[in-house]
Amino acid sequence: MPQAVATVAQNTRDGSEGPAGQQSSGSDFAPLLKTVRGQGLLERRIGWYAAGIAVNLVALGAVITGMVLLGDTWWTLLLALPLAIVWTRTAFVGHDAGHAQISGDRKVSRIIGFVHANLLLGMNEAWWNDKHVRHHANPNHIDKDPDVGVGALVWTQKQAAQREGFARWLTRNQARLFFPMLLLEGIALKIYGFQFLRRQPARERVLSGLLLVAHLALYATLLLTVLSPGKAVVFALVHHAIFGLHLGMAFAPNHKGMEMPDPDGDRWGHLQRQVLTSRNVRGSILTDWFLGGLNYQIEHHLFPSMPRPHLRLAQPMVKAHCAEIGMPYAETGLIESYRQALAHMHEVGEPLR
């Protein structure tokens, strides 16, 4: 895993491709990179992140305090919603740390990731970064992007044709089941994290495992101290369901239904590979907050180490550059982005119906 984090930082400091293929200075991407760097948009915003992290931790403390004050009552269940929202903000911080957006220091980024992912969320940051590095290197590439590999859902009709039994039924109905399935994602993230421990180096495995166990212990202690066992179980289920739904809604609009490179076709350059496979979501400051800046998915994929508050500033430059060279730039509203993603999932399952 240390190599995965190092790859994130190495690949994303200047928006270049890194090991997957070095971007030539004469490419379509080079002029855009020069413009963005000249505006200082790749420089870190340590103060912005420090303030955001502090506010989020205060909010987390406030929710926990509210749970303690309310005590063993079903009214405490109402706090599962704000706790899930705070957890999603925490996940966004862990995501940004993994991309070296917060700090250029690898150790600092890892510490932030360990605290926010492993300790506060019970989600193994090593698993997330390993998966996410491969996604960013080849988004929507059926053979290289784990996000479009065969799992509970499938993303091509070729994948769908190989489904049998219950998986075949699931694929037939995957569009209508997508959002309900997100309710299980909060728990699944914990399971994936523990499963990934066996793939980590021994020393790192111990630290990651201890933090994951510490999270479970702290979480269980909080719930069982405040609530009766029955209420505690219900709270945990509702909380993780809302968390998984919120997090999934932030990531769902980004690539589903967008171009998928032909594995046997020509190799795409960095600009083409990142722009054509990504979709932006337009909206207000509320949209930026709800999606954690991931609504600027094109800019994020072109410049993964760019601090979150700079993505909206880079967007006009990226749109203008794409228009100048005649490259499509996908941007839509939030509801429409979900419609397009679900339409793609429905189309994939069509031959099985």
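Before moving on, here are some points about what is shown:
- Set the Cα radius of gyration of the chain against 2.2 N^0.38 Å, with N its number of residues, and you get 1.00.
- Remark: the Cα gyration tensor places region 15-157 in the oblate category, a/c being 1.5 or greater and a/b not exceeding b/c.
- Degrees separating the helix 80-98 axis from the principal Cα axis of the chain, which is the longest one: 40 degrees
- Angle between the chain longest axis and helix 2-12 axis [Cα atoms, degrees, rounded to 10]: 50 degrees
- Surface share of carbon and sulfur [accessible, 1.4 angstrom probe, percent] for the chain: 63 percent
- Summing Lys and Arg as +1 and Asp and Glu as -1 over all other residues whose Cβ lies under 14 Å from the Cβ of residue 208 gives a net charge of +3.
- Radius ratio Rg over Rh of region 244-353, counting only Cα atoms, Kirkwood formula for Rh: 0.98
- Ranked by how many other beta carbons lie within 10 Å on average, peptides 58-67, 81-90 from highest: 81-90, 58-67
- Cα-based shape type of region 85-173, given that a ≥ b ≥ c are square roots of the gyration tensor eigenvalues and the cut on a/c is 1.5: prolate
- Surface per residue (accessible, 1.4 Å probe) for region 190-245, Å²: 53 Å²
- Projecting the Cα positions of 53, 277, 247 onto the charge dipole of the chain (unit charges on Cβ atoms of Lys, Arg, Asp and Glu, taken about the Cα centre) puts 53 furthest along the positive direction.
- Under 5 Å between amide hydrogens, built in the peptide plane, is the criterion, and for residue 332 it picks out 280, 281, 282 among residues at least 5 positions away or on other chains.
- For the chain, the longest principal axis of the C-alpha atoms and the axis of helix 185-196 are separated by about 80°.
- Relative intensity, log₁₀ I(q)/I(0), of region 174-309 from a Debye sum that treats every alpha carbon as a point, q = 0.11, 0.16, 0.18, 0.22 Å⁻¹: -0.63, -1.10, -1.18, -1.22
The values are calculated or read from the model by the stated rules, or taken from the named source; none is laboratory data. Everything numeric in this text was worked out from a predicted model, so none of it was measured. Cβ coordinates were reconstructed from backbone atoms using ideal geometry, including for glycine residues, and neighbour counts include every protein chain displayed. Only protein heavy atoms, including side chains, enter the accessible area calculation; ligands, DNA and RNA are left aside. Shrake-Rupley method; radii C 1.70, N 1.55, O 1.52, S 1.80 Å.
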